[in-house]
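Everything on this sheet refers to the single structure shown next.
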Amino acid sequence: MSTVIWSEYIRYRAKLRNFDLTKIEEIIKYSGERYYDVETGRMVAVGKHDNRLVIIPYESSGDAIAPVTIHATTRRQIRFRLRNRRFIINESN
């Protein structure tokens, strides 16, 4: 099982946006919807946090995962990023 490394920044952003770190960890570890963000070079996990759809950019190395930030989003925004090839579907799930 991967270890999640929490930076002070992600803790701050989660608190500011009223996101629970436990739910963020579940999304990062178990989301079946992942993309590669061509612009940032990071992987992105997508999931539901309560009633909000969120994207969580993260970096991984070996057995460690480091979430960078978390954003509420919409399906429309995700489709737009896929159409414009900013996001590429991650086939290695």
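Of the residues ILE78, ILE56, ILE70, which exhibits the maximal mean-square fluctuation in a Gaussian network model of the chain defined by a 10 Å Cα contact cut-off? Of ILE78, ILE56, ILE70, the Gaussian network model singles out ILE78 as fluctuating most.
Relative contact order of segment 3-87, please, whole-number percent, based on alpha carbon pairs below 8 angstrom and at least 6 residues apart. Normalised by residue count, the contact order of segment 3-87 is 30 percent.
The smallest convex shape that holds all Cα atoms of the chain, its convex hull, gives 95 Å³ per residue. By DSSP, the beta bridges lying fully in the chain are antiparallel in about 90 percent of cases.
What do you get for GluC sites (Glu not before Pro) in segment 1-90 restricted to DSSP loop and a cutoff of at most 12 other Cβ within 10 Å of the site's Cβ?
GLU39
Length gain on complete extension for the stretch TRP6 to HIS71, per 0.36 nm per residue less the alpha carbon to alpha carbon distance? Please report the intermediate quantities before stating the final value.
On the way: separation 65, 0.36 × 65 = 23.40 nm, distance 1.60 nm.
Roughly 21.8 nm would be gained on extension.
Approximating the spin labels as points 7 Å out from Cα along Cα→Cβ, the THR40-to-LEU82 distance works out to 1.9 nm.
Taken together, the values in this text are just the output of simple stated rules run on the coordinates, not laboratory data. Predicted model only: the values in this text are computed from it and were never measured. Positions of Cβ are generated from backbone atoms using ideal geometry, with glycine treated the same way; all protein chains shown enter the neighbour counts.
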